[in-house]
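The values are calculated or read from the model by the stated rules, or taken from the named source; none is laboratory data. Computed from a predicted model, the values in this text were never measured in an experiment. Don't worry about glycine lacking a Cβ; one is built from the backbone with ideal geometry, like all the others, and counts go over all protein chains shown.
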Amino acid sequence: MKLFDVYPINDINIVRAKDSYLWDENGVQYLDMYGGHAVISIGHTHPHWVKRIEEQLNRIAFYSNSIKIPIQQELAEKLGKISGKNNFQLFLCNSGAEANENALKLASFHTGRKKIIAFTKAFHGITSLAVAATDNAAIIAPVNETDNVIFLPYNDEQALKKCFQKHGGEIAAVIIEAVQGVGGIAIADEFFLQAIRKLCDEHNSLFIADEVQCGYGRTGKFFCLDHAKVDADIYTMAKGMGNGFPIGGILIAPQIKSNHGMLGTTFGGNHLACAAALAVLEIIEKDDLIEKAKELGQYLMTKLKKFDGLQNIRGKGLMIGFDVADELKDLRKQLLQKHVFTGEAKPNVIRLLPPLSISRKQLDEFIGIMNEAIEELSPHPLKENFERVE
Ligand code: PMP
């Protein structure tokens, strides 16, 4: 049987991983500045994570949500403590799209309304309503098309106000990534996020923060929205939550009431996934990874700014992007040839999403390799004050 061919694939077979490194079948070592698409938070195969999963696996991996699963409550408590959203409620699922799907559905149940505001270049997943709220016509199947989603320009407060004036009583929710990932590391202005909060309050709509990529400590706060000092009504989470073990979830504000059957899942919140997620939070806390993400992000941005040919270097914590000049359009390929994984966003953005546990030394290693790659592609790669890092 053939695999259904939906991914452009690099001809690399990774067979082993540790911290921020990966090794292929020939023993070639790669530096992971992509974190498997912002998924690796505490580092590949972290021993505490492996141990916790192993121990849980030997006890019980799965039973259905028809029984008490105390490890879910343990996870909820830890998550409440580390995120600071202790008064929120937790619903567990398996992926980012599923988290957004549930968030949007819940907002519609709660408000009794149908319309969703999303933003240009948003990415919320590829399932039915999540993909309808994703600004990419190419991945929306005819059956997913709906006029319930209104797309507005990102960071345009006037457009948002006008839309609420016109449709206020119909808006169930506004969904936004505080830093757009797939959209190319676009950062929402704090005043814009505050305006969303205010308008949602005025019109009894819900604020959904899609923190699937920008959340879980990556930007130097537990939730990226925390930088703007406002709360969402629903936070969606996935990627970094399990460090590669599939788990997603939503945090739900206390005023949103549940009833049986409203949301549900077979696999969500299984014992094994909760053990993986608890291990992640324990390491985030013990190693102070959120603060480290902030410091290391600043360090990396300062270093990147010394390269000519990299434009609009932007980011928060370890979620960083830059545009590459035309002469460096093959930079990402060149980096891969030098055994560094990075991310991209069309047309010319390189995205850096390394494990939050990466070290300064590994970032220096990356900068050294960037320097070589740029030198090979362009004759005048460095600004005067650049100190070469070997
Ligand atoms: N939201 C955002 C912001 C994402 O970046 C992604 C994945 N790239 C998703 C949702 C969907 O997550 P998943 O692939 O786990 O369904």
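Among the residues in the range 163-175, are any away from the ligand (no atom under 15 Å from the Cβ) and either of a type in the set (Lys, Arg) or assigned by TED's automatic domain parsing to the domain that holds Glu344 (or both)?
To start, the set of residues in the range 163-175 that are away from the ligand (no atom under 15 Å from the Cβ) comprises 163-172.
Right, trim to either of a type in the set (Lys, Arg) or assigned by TED's automatic domain parsing to the domain that holds Glu344 (or both) and you get 166.
Within the range 163-175, one or more residues are away from the ligand (no atom under 15 Å from the Cβ) and either of a type in the set (Lys, Arg) or assigned by TED's automatic domain parsing to the domain that holds Glu344 (or both).
Could you please let me know if Leu336 is touching a Phe, Trp or Tyr at 6+ places or on another chain (Cβ under 7 Å) and either outside any strand (DSSP E or B) or not aliphatic (A, V, I, L, M) (or both)? Write out each step before concluding.
On the way: touching a Phe, Trp or Tyr at 6+ places or on another chain (Cβ under 7 Å): no; either outside any strand (DSSP E or B) or not aliphatic (A, V, I, L, M) (or both): yes.
Judged against the criteria, Leu336 is not a match.
Check Gly261, Gly269 and return the single one that is over 25 Å from Tyr34 (Cα atoms), in the same structural domain as Lys78 (by TED's automatic domain parsing), within 20 Å of the chain's Cα centre (by Cα) and not basic (Lys, Arg). Walk me through it before giving the result.
Numbers: Gly261 fails: within 20 Å of the chain's Cα centre (by Cα).
Checking each option against the conditions leaves just Gly269.
For the range 222-249, the tally of residues that are surrounded by 24 or more Cβ atoms within 10 Å (Cβ to Cβ) and within 16 Å of the ligand (Cβ to nearest atom) stands at 17. Picking from residues in the range 163-196 that are in a helix (DSSP H, G or I) and touching a Leu at 6+ places or on another chain (Cβ under 9 Å), the one that is surrounded by the most Cβ atoms within 10 Å (Cβ to Cβ) is Ile196. Pairing each residue of the range 180-197 that is more than 9 Å from Glu157 (Cβ to Cβ) and of a type in the set (S, T, N, Q) with any residue that is within 16 Å of the ligand (Cβ to nearest atom) and part of a loop (DSSP other than H, G, I, E, B), provided the two are 6+ apart or on different chains, yields C-beta distances under 6 Å for Gln180/Lys121.
Per the listing Thr134, Thr120, Thr111, the residue uniquely in the same structural domain as Phe267 (by TED's automatic domain parsing), over 20 Å from His203 (Cα atoms), more than 12 Å from the ligand (Cβ to nearest atom) and of a type outside the set (A, V, I, L, M) is Thr120.
Being among the aliphatic types (A, V, I, L, M), more than 16 Å from the ligand (Cβ to nearest atom) and closer than 15 Å to Met241 by Cα holds for only one residue in Leu92, Leu79, and it is Leu79.
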